[in-house]
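Data first, discussion second: the structure below is written as structure tokens.
Laboratory data are not the source of any read-out in this text; all were calculated from the coordinates shown. It should be emphasised that the depicted structure is a prediction, and the values quoted were computed from it without experimental measurement. Cβ placement follows ideal geometry from the backbone for every residue including glycine, while neighbour counts extend to all protein chains displayed.
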Amino acid sequence: MKGLISDLDILNGTEQEQEEVRVSIEEGNTGKKKLYIESYGCQMNFSDSEIVSSIMKEQGYTTTSSLEDADVTFLNTCSIREKAEQTVRNRLNHINAAKKRRPEMVIGVLGCMAERLKSKFLEEEKIVDLVVGPDAYRDLPNLLGEVESGQKAVNTFLSREETYADISPVRLNSNGVTAFISIMRGCDNMCSFCVVPFTRGRERSRDPFSIVKEAQDLFDKGFKEVTLLGQNVDSYKWSAEQNNKAKLEKSDIQEVINFANLLEMVAKVDPKLRVRFSTSHPKDITDEVLHTMKAHDNICKYIHLPVQSGNSRILDMMNRTYDRAWYINRVDKIKEILGEDCGLSSDMITGFCSETEEEHQDTLSLMRYVKYDLSYMFFYSERPGTLAEKKYEDDIPLDIKKRRLNEIIELQNECSRETNRRDVGKEFEVLIEGTSKKSEEQLFGRTTTNKVVIFDKGNHKKGEYVTVKINDSTTGTLFGTLIEN
Ligand code: SAH
Ligand code: SF4
Ligand code: F3S
């Protein structure tokens, strides 16, 4: 059995996996104009494509999964590493062939790369008609109008207010069970390696009542899990005073709502609605958040807490504003409050400017201490305009960056194997997300700690909660049998 389904294993994230592409779904042949969207990068981008689809739906577009059918093609792009941008450039070359066959097809570039390159994109890539940054999607109908009248169109204005709070996303690639909700946009952290503050603008938090409403609507439609998204969810902050309108409407609301308060509000939508969140920043995650997680069974016991490096000098150069000791203290607190079994994952960068062999060893030793369930691991890629590009030399040769990367990937695989092995013999509540790819007779779902579990289906189906006893494991997956209550 194990051999049959082993390729379903979700292995630790490497360069390739993080740069997943998502393609819009086929909404059926409605005779309407067709929109094809490919999305690159992080969950925020995937979530933004759902907002874009909603805006386009108002304009009479339905989504298609085929480039060949599209009247409008959008690439929602990522700038996080050089490779992510290269992937988009290669894809544009491919799309060029389709555009030659059908010159009337409109090609738009959205997202972070659009924001970074602005109108330069139009000069560099002649097939592009439209360049739209992450805060300008409401302007898409006007911009498409400009393109229709024969001009190229650009809007890369970054806003201090836009959160798209009132737009109900069209759920693309949905399994009908789990969904993402954006709770904030932008980032004010200025980690020295990172392009996000430049491509996404200033940090702003969305109206909490619109978030709770979106969660409630999803639950009413049968969804059982929401993931609250932001670059740094722990700095979520919304104040009634700054949002006068809401204050007038809801006179009894708390003055300031922080992330712990928001988590609780969403958890209270229904005990059968699971709540996850990503990403937590080690400098901001509070004990209050951990206690809120503990108080609600439906807040999943899993935290993505990217460390980036295990060495304090490198962390300082990265401008992460915490050091190794601070990070270890946070991990200890998580285990103290939520227990040893709380799921933990990380992001790591190898070969940052001037990183020595000893400093790289500190990352390995930190990984051994924490024993992450999963990590997304990258070698450092210098990004134009960032603090690190201006201040430091990108001086670690590529072969050394890659060798260090391989070492952390290998260690992470060992840790994942070990933490999964520790789950054998235990029972978990699993939310079923769908049928196993390899066998119609098996289902897969996740534990509260975010581990994937595969088991024989019995008479269950997706969207249900079941209890599964784990009897086998690999690096990426748990296998179990149903415990019928
Ligand atoms: N907001 C999240 C990270 C978002 S970007 C946080 O602060 O943790 C996702 C990950 O990409 C980062 O955690 C980092 O590990 C990686 N990354 C960002 N910039 C990078 C760069 N220039 N080179 C290599 N990896 C990078
Ligand atoms: Fe980038 Fe740092 Fe903001 Fe994360 S917290 S998005 S790594 S600047
Ligand atoms: Fe990429 Fe932008 Fe996300 S740079 S990782 S798509 S915020």
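For the chain, give me the percentage of DSSP beta bridges that are antiparallel, rounded to the nearest 5 percent. If you can, show how the numbers build up before the last one.
Numbers: 27 of 73 bridges.
Roughly 35 percent of the DSSP beta bridges within the chain come out antiparallel.
Applying a 10 Å radius around every beta-carbon, put 132-143, 89-100 in order of their mean neighbour count, most first.
Result, highest mean Cβ count within 10 Å first: 132-143, 89-100.
For a Förster distance of 22 Å, can you work out the FRET efficiency between the beta-carbons of residue 438 and residue 83, rounded to the nearest 0.05?
0.15
Under a Cβ-Cβ limit of 4.7 Å, which cysteines in the chain have nobody to pair with?
Among the cysteines of the chain, those whose Cβ sits 4.7 Å or more from every other are 42, 78, 112, 187, 300, 342, 353, 415.
Given the peptides 70-82, 408-420, 182-194, arrange them by the average over their residues of other C-beta atoms within 10 Å, most packed first.
Per-residue Cβ counts within 10 Å, averaged per peptide and sorted highest first, yield 70-82, 182-194, 408-420.
Pull out the extension gain between residue 202 and residue 340, defined as 0.36 nm times the separation in residues minus the alpha carbon to alpha carbon distance; nm, one decimal.
Here the segment from residue 202 to residue 340 would lengthen by 46.1 nm.
Give the relative contact order (percent, whole number) for region 178-421; include only Cα pairs under 8 Å separated by 6+ residues.
So the answer I get is 18 percent.
With +1 on the Cβ of every Lys and Arg and -1 on the Cβ of every Asp and Glu, and nothing else charged, how large is the dipole of the chain about its Cα centre, in debye rounded to the nearest 20?
500 debye
If I stretch the segment between residue 356 and residue 323 completely, what's the gain in nm (0.36 nm per residue apart, minus their alpha carbon distance), one decimal?
Gain in length upon complete extension: 10.2 nm.
Let me check against my output: what whole-number percent is the relative contact order of region 355-437, with C-alpha pairs under 8 Å and at least 6 apart?
Dividing the mean separation by the residue count of region 355-437 yields 42 percent.
Would you give the gap between the C-alpha center of region 409-485 and the C-alpha center of region 65-126, rounded to a whole Å?
When both Cα centres are located, 38 Å separates them.
When a footprinting reagent is the concern and you count Cβ atoms within 10 Å, what order do 340, 214 take, fewest first?
Least crowded to most crowded, the residues run 340, 214.
Separation between the residue 456 and residue 91 pseudo-spin-labels, each 7 Å from Cα along Cα→Cβ, expressed in nm?
Calculated label separation equals 4.2 nm.
Which stretch or stretches of region 270-301 have amide N atoms under 17 Å from the point lying 7 Å from residue 429's Cα along the Cα→Cβ direction?
270-277, 292-301
Once the piece of chain linking residue 403 and residue 467 is laid out straight, how much longer is it, given 0.36 nm per residue of separation minus the C-alpha distance between them?
Going from the current span to full extension adds 18.9 nm.
Can you figure out the FRET efficiency of residue 32 with residue 165, using R₀ = 25 Å and their beta-carbon distance, to the nearest 0.05?
According to the calculation, E is roughly 0.40.
Determine the distance separating the Cα centre of region 370-398 from the Cα centre of region 310-327; give it in Å without decimals.
13 Å
For the chain, what is the relative contact order in percent, using Cα pairs closer than 8 Å and at least 6 residues apart in sequence?
Reported as a whole number, the value is 12 percent.
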